[in-house]
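Some notes on the structure that comes next.
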Amino acid sequence: MSESKRTENSKANSQAERASLHCARAGDERFLRAEGLTKTYESGRNRVTVFEELSLRVDEGEMIAIVGPSGAGKSTLLHILGGLDRPDRGSVKLGEFDIFKLGDVDLARFRNKEIGFIFQFHHLLPEFTALENAMMPLLINRSQKGAAKSRAESVLESVGLTSRALHRPGELSGGEQARVALARALVAGPRVLLADEPTGDLDSKTSESIHSLLKEIHRLQKLTSLIVTHNERLASICDRVLHLEDGRLYT
């Protein structure tokens, strides 16, 4: 690696680490704060407003469900809160730090460390084992392979998948795939967990087991969790339920 590339990587790591430190020092109980979020998309000749001047405040340690009709912008909101997408206007703060003050590279590093994502269709890499999928965020963050493997094994054990660690996604049931996705979200030790329909494609019995696991993991790891769901049972075990409709959040 060239000296200039090493310097660039060092600067990016330093900026992301400073952002994480701002979060760690936060004294405000409103750990996650979104203010004045506006997001629009172009659709042909039309401009579609997903939401405008939307605000949200979440206490550290809360588990919140976000519900609403399909197309209301729930996934878009989750992606913005997690820094996967940027709003047209507005801010998202974790602790005292506005995440959108970071450039794209620094934001990706910060996101990889501070935020765990569970996507609706899991997005597991089919050619890799459950263990390798769980390791992936750490490898992307350039952790040592041995350390990443040890950490991923520990997290897979916590979600009950030790015996399936060397199986590929195609060899796993839907519930097992959901557990791998959860392990991958947790492996870097995030403070925030964002889940988009984590049990949307599972049967009711399997869904119940994943709901219980999410609640237990949330408690044990002292997470702040936001979950987009259509599942009333999952919403019912959360601390608060927020309804997103017509671009506004209602309690």
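The values are calculated or read from the model by the stated rules, or taken from the named source; none is laboratory data. Values in this document were obtained by computation on a predicted structure and should not be read as measured data. Every residue, glycine as well, gets a Cβ built from its backbone with ideal geometry; the counts of neighbours run over all protein chains shown.
Kindly indicate the residue of segment 73-107 that is surrounded by fewer than 16 Cβ atoms within 10 Å (Cβ to Cβ) and touching a His at 6+ places or on another chain (Cβ under 6 Å) and also nearest to LEU226 (Cα to Cα) among those meeting that condition.
ASP85
Does segment 180-211 hold any residues that are farther than 25 Å from SER150 by Cα and in a helix (DSSP H, G or I), and which are they?
Hits for segment 180-211 are SER204, LYS205, THR206, SER207, GLU208, SER209, HIS211.
Which residues, taken from segment 133-150, are crowded, with 19+ Cβ neighbours inside 10 Å and of a type outside the set (A, V, I, L, M, F, W, C)?
ASN133, PRO137
Restricting attention to segment 69-92, report how many residues are charged (D, E, K, R) and in a loop (DSSP other than H, G, I, E, B).
Residues in segment 69-92 being charged (D, E, K, R) and in a loop (DSSP other than H, G, I, E, B): 3 in total.
Please specify each residue of segment 212-251 satisfying the condition of being part of a loop (DSSP other than H, G, I, E, B), under 18 Å from SER158 (Cβ atoms) and small (Gly, Ala, Ser).
Selection gives nothing.
In segment 28-50, which residue that is of a type in the set (A, V, I, L, M, F, W, C) and in contact with an Asp or Glu (Cβ under 9 Å, 6 or more places away or on another chain) is surrounded by the fewest Cβ atoms within 10 Å (Cβ to Cβ)?
Among them, the one singled out is VAL48.
Within segment 165-223, count every residue that is surrounded by 19 or more Cβ atoms within 10 Å (Cβ to Cβ) and at positive phi.
So the count comes out to 1.
Being in a strand (DSSP E or B) and of a type outside the set (Phe, Trp, Tyr): is that true of ALA65 here?
yes
Taking PHE31 and the conditions (1) modelled with pLDDT of 95 or more; (2) within 16 Å of the chain's Cα centre (by Cα), which numbered condition does it fall short on, given that it satisfies the others?
(1)
Could you count how many residues in segment 135-173 are in a loop (DSSP other than H, G, I, E, B), over 23 Å from ARG219 (Cα atoms) and hydrophobic (A, V, I, L, M, F, W, C)?
So the answer is 3.
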